Amino acid sequence: MVLIAGGVLLFAFVHLFPALFPAQRQQLWDRLGEGGYKGLFSLGVAAGVVLMVVGWRSTVPATVYVPPPELRHPAMALVVVAFWFMVLSGRPSRVKQWLRHPQLTGVFLWAVAHLAMNGDTRSVVLFGGLALWSLLEIPLINHREGVWIKGDSPPLAKDIMTVGITAVVVVVLMSLHPWFAGMPVLAG
């Protein structure tokens, strides 16, 4: 459990650092250069993810609550929507006309969906922690970046392509889920 919590805290801290400590972030940027700063940032994020995965795999879960079984299918659909938001965050999309932070919104939805399907201690720490981080990150980024300037709406074909990419991502992640989570997605 300590590894999961440590991973969530490291992951969150690395992401929150630029908004919470702008002067220190600038000092690191000046000292390390763009490549060095981004490398250190990426290393911190990767270390957080590794700690979360290793912690998850090594923690024996204890029940905190029992999720209603009727939430399983809606929650799985919410995971697909979450990944659609995450995929479209890096692509031109009409959705970005009404959603400023699709990636963080996707992380939040993914975490909430997992909390709706899993009521054990490690799930509460991992998914609850990441949901909380995503909710904190949104207003901090809004404050740092200021007024939201929306880009142009891309052609509909771009959004259709994003749905196709999302389908591939979901299938790949479903096949990898037993490796990093220790359980298949479609288990009874």
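Peptides 89-101, 110-122 ranked from most to least packed give 110-122, 89-101, packing being the mean of other C-beta atoms within 10 angstrom over each peptide's residues. Note on residue 141: accessible area approximately 20 square angstrom, rounded to 10, probe 1.4 Å, nucleic acids and ligands left out.
Estimated at the nearest 10 Å², the accessible area of residue 70 is 130 Å² with a 1.4 Å probe. Using the 2.2 N^0.38 Å rule of thumb for compact globular proteins, work out how the range 35-188 stacks up: its C-alpha Rg over that value, please. Dividing the Cα Rg of the range 35-188 by 2.2 N^0.38 Å gives 1.13. The figure for residue 86 is an accessible area of roughly 40 square angstrom, using a 1.4 Å probe on the protein chains alone. Fully extending the segment from residue 21 to residue 66, taken as 0.36 nm per residue of separation minus the present Cα-Cα distance, adds 12.3 nm. The lysines within cross-link reach of residue 158, meaning a Cα-to-Cα straight distance under 18 Å and a gap of 8 or more places when in the same chain, are 96, 150.
What size of dipole, in debye to the nearest 20, comes out for the chain about its Cα centre when the only charges are +1 on Lys and Arg C-beta atoms and -1 on Asp and Glu C-beta atoms? Dipole about the Cα centre, nearest 20: 200 debye.
Extension gain for residue 45 to residue 58 (0.36 nm times residue separation, less C-alpha to C-alpha distance): 2.7 nm. What the Cα atoms of the range 128-188 give is an Rg and a Dmax of 17.4, 47 Å.
The values are calculated or read from the model by the stated rules, or taken from the named source; none is laboratory data. Quick caveat: nothing in here was measured; it's all calculated off a predicted structure. No Cβ is skipped: glycine too gets one built from the backbone with ideal geometry, and neighbour counts run over all protein chains shown. Side chains are part of the model used for accessible areas, which takes the heavy atoms of the whole protein and leaves out ligands, DNA and RNA. Shrake-Rupley method; radii C 1.70, N 1.55, O 1.52, S 1.80 Å.
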